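To start, the structure itself, in structure tokens.
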Amino acid sequence: MSQPAKFLPSTPLPADPADFLLDAAAPARYEHDMARAVRAVSSRLARCTAPSTGVDHADLRLEVAAVDLDHPLGDTSRALRELEHLYLRDAVYFHHPRYLAHLNCPVATPAVVADAVASAVNSSLDTWDQSAGGTLIEQRLIAWTCARLGFDATASDGIFTSGGTQSNLHALCLAREHALGAPDAGRIQGLARLRVFASADAHFSVRTATGLLGLSEDAVVTVPVDERRRMRADALQAAIAAARDDGLVPMAVVATAGTTDFGAIDPLREIAEILQRQPDPVWMHVDAAYGGGLLVSPGRRALLDGIERAHSVTVDFHKSFFQPVSASAILVRRAEWMDAARHHADYLNPMRMAQAGIPNQVDKSLQTTRRFDALKLWLTLRVMGADAVGVLFDRVIDLAAAAYELLGTDPRFEVVTASDLSTVVFRYAPARMVARMDTCAAGTLDDANLAARAALSANAEAVIASTTVDGCTFLKFTLLNPRTTLDDIADVLDRIAGHASAHLAARPSLAS
Ligand SMILES: *Cc1c(COP(=O)(O)O)cnc(C)c1O
């Protein structure tokens, strides 16, 4: 077949483009190309001496822009070589012990293998007739997670989602329908009066969800936290009562089991007790996107006591179960609560199929076509087992506790509070400087801490995060790598102090 010159490939393409498809005729190409890809990644991992190269986005953008997407290379090995410098070389590597920034984990090898299988077979978990065993594996894992939560595994249900954001949206959608009851003319007025209670440190996706669900702008009532950054149960009780006095309708409480910044676990049992005493039912959602890993912890499962009383729970397997992005689930204590988002389409999952007992997961999902993300958790449990996952999570929680101790005795730093999980929030703030400044007002300390963070990245020393506490800039370690040591932490702290004090040296009156 003749093509215009500019479309000529660098190496001959197969005579028939169908030869690129993964089918019965393809095993040789598939095995060869997969092996190349695996080698490209493993050799990069072996050479990786820092979690990031600190590459500048403007530089990298030029290289990505220079690729002629209308000029295929025709050969996977060549494309992988190109990818090496466009992506693999400068990617951010979460497996590196000095990646200390966000809720990203090194991934379990069985899970990576499972992802490759899931992509190759390409099941879609919306209907039984597109997935067969995939649907049953997902259902077993939902039941397994429900049992770990303390739900009755035969009466509960749930669905895998793309992440905590979607799980929270799904949960609040069910809660909204629960609060509104059957559709009627009063629905719109009813929507405006619904209130959702969440701590000041709850994830922003709660607010996103209430917006998408048509609730009013001030639908989320912020409940203050205590000195350990946990939701104050007394304040929750008062806030619910105040809302009722104002003629508003408490729709849901979102308790967080592991806040993103502080890894704080709200008092789940007390919250459940408060909700039980309400005159009208209030939905209890537990956002355990981060703390869900405690479900397999050999030593710390008790931190989730009370979670079994929730209506719904979010668990992100891609955070504390060492799974690749993305794998999350929403779980509900009573299967029939999923009905609020149930729908049937004639072309996909007609009612007669549900009546015949055919398991079509799309019946209760917000997504239609859906990746077989459950497979990676399955293979992880079948190869490593749940205890091994929990041991790893416990290890990073221990490490965070040790880092907190270390910071507490170091006069160069100020640390906010001990975490229930694996974060540490602190800032460079030498005692002698703090004594001379009433607040961070001048922004001097803020700038010094941000400069230290930027320098760590730019010099490819470590990747850390930052956040704001009471208006001041703080730095954050999120520890999810069991291979990170306390020596790594101590060394990174020395580097932070070095960068921050160098920054302050430009302002001698404060630095001296
Ligand atoms: C990360 C996180 C989320 C959002 O989850 P995604 O998987 O990133 O969508 C929600 N809640 C909490 C507490 C989180 O830490």
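The values are calculated or read from the model by the stated rules, or taken from the named source; none is laboratory data. Quantities reported herein were computed from a predicted structural model and do not represent experimental measurements. Every residue, glycine as well, gets a Cβ built from its backbone with ideal geometry; the counts of neighbours run over all protein chains shown. Keep in mind that these areas ignore ligands, DNA and RNA; they rest on the heavy atoms of the full protein, side chains included. Shrake-Rupley method; radii C 1.70, N 1.55, O 1.52, S 1.80 Å.
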### Task
Considering only the range 291-319, state which residues are under 24 Å from Arg195 (Cα atoms) and within 15 Å of the ligand (Cβ to nearest atom).
Ile307, Ala310, Ser312, Val313, Thr314, Val315
## Note on the structure
Subset of the range 391-406, residues surrounded by fewer than 21 Cβ atoms within 10 Å (Cβ to Cβ), touching a residue at least 24 places away in the same chain (Cβ under 8 Å) and either not β-branched (Val, Ile, Thr) or not in a helix (DSSP H, G or I) (or both), comes to Asp394, Arg395, Ala402, Leu406
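Matching residues to (1) within 16 Å of the ligand (Cβ to nearest atom); (2) open to solvent by 80 Å² or more (accessible area, probe 1.4 Å); (3) among the aromatic types (Phe, Trp, Tyr):
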site	(1), (2), (3)
Phe321	yes, no, yes
Pro324	yes, no, no
Ser328	yes, no, no
Ala335	no, no, no
Tyr347	no, yes, yes
### Task
Say whether the condition of being free of Cβ contacts under 8 Å to residues at least 60 places away in the same chain, open to solvent by less than 10 Å² (accessible area, probe 1.4 Å), among the β-branched types (Val, Ile, Thr) and assigned to a strand (DSSP E or B) is met by at least one residue in the range 283-293.
yes
### Task
State whether one or more residues within the range 134-147 are buried (at least 19 other Cβ atoms within 10 Å of the Cβ), away from the ligand (no atom under 16 Å from the Cβ), part of a helix (DSSP H, G or I) and among the hydroxyl-bearing types (Ser, Thr, Tyr).
yes
### Query
Using beta carbons and a limit of 6 Å, which pairs, at least six apart or on different chains, have the first residue in the range 153-182 and farther than 18 Å from Gln361 by Cβ and away from the ligand (no atom under 15 Å from the Cβ) and the second one open to solvent by 30 Å² or more (accessible area, probe 1.4 Å) and small (Gly, Ala, Ser)?
Glu177/Ala340
## Note on the structure
For the range 28-56 the number of residues that are in contact with a Ser or Thr (Cβ under 8 Å, 6 or more places away or on another chain), open to solvent by 80 Å² or more (accessible area, probe 1.4 Å) and under 28 Å from Ala455 (Cα atoms) is 0
### Query
When you scan the range 442-512 for helices (runs of 4 or more DSSP H) that lie fully inside it, which ones turn up with 1 or more residues that are buried (at least 19 other Cβ atoms within 10 Å of the Cβ) and within 27 Å of the chain's Cα centre (by Cα)?
444-458, 486-504
### Task
Quick one: which residue in Ala65, Ala24 is at pLDDT below 95 and loosely packed, with under 11 Cβ neighbours inside 10 Å?
Ala24
### Task
Might you check whether a residue that is within 16 Å of the ligand (Cβ to nearest atom), under 30 Å from Lys476 (Cβ atoms) and part of a loop (DSSP other than H, G, I, E, B) occurs anywhere in the range 52-67?
no
### Query
Out of all the residues in the range 113-125, which are open to solvent by less than 20 Å² (accessible area, probe 1.4 Å) and either in contact with a Leu (Cβ under 7 Å, 6 or more places away or on another chain) or farther than 26 Å from Arg352 by Cα (or both)?
Ala114, Ala118
### Task
Kindly establish whether Pro279 is surrounded by fewer than 19 Cβ atoms within 10 Å (Cβ to Cβ), touching a residue at least 40 places away in the same chain (Cβ under 8 Å) and in a loop (DSSP other than H, G, I, E, B).
no
### Task
Scan the range 183-193 and give yes if some residue there is open to solvent by less than 40 Å² (accessible area, probe 1.4 Å), within 26 Å of Arg334 (Cα to Cα), of a type in the set (A, V, I, L, M) and touching a strand residue (DSSP E or B) at 6+ places or on another chain (Cβ under 7 Å), otherwise no.
no
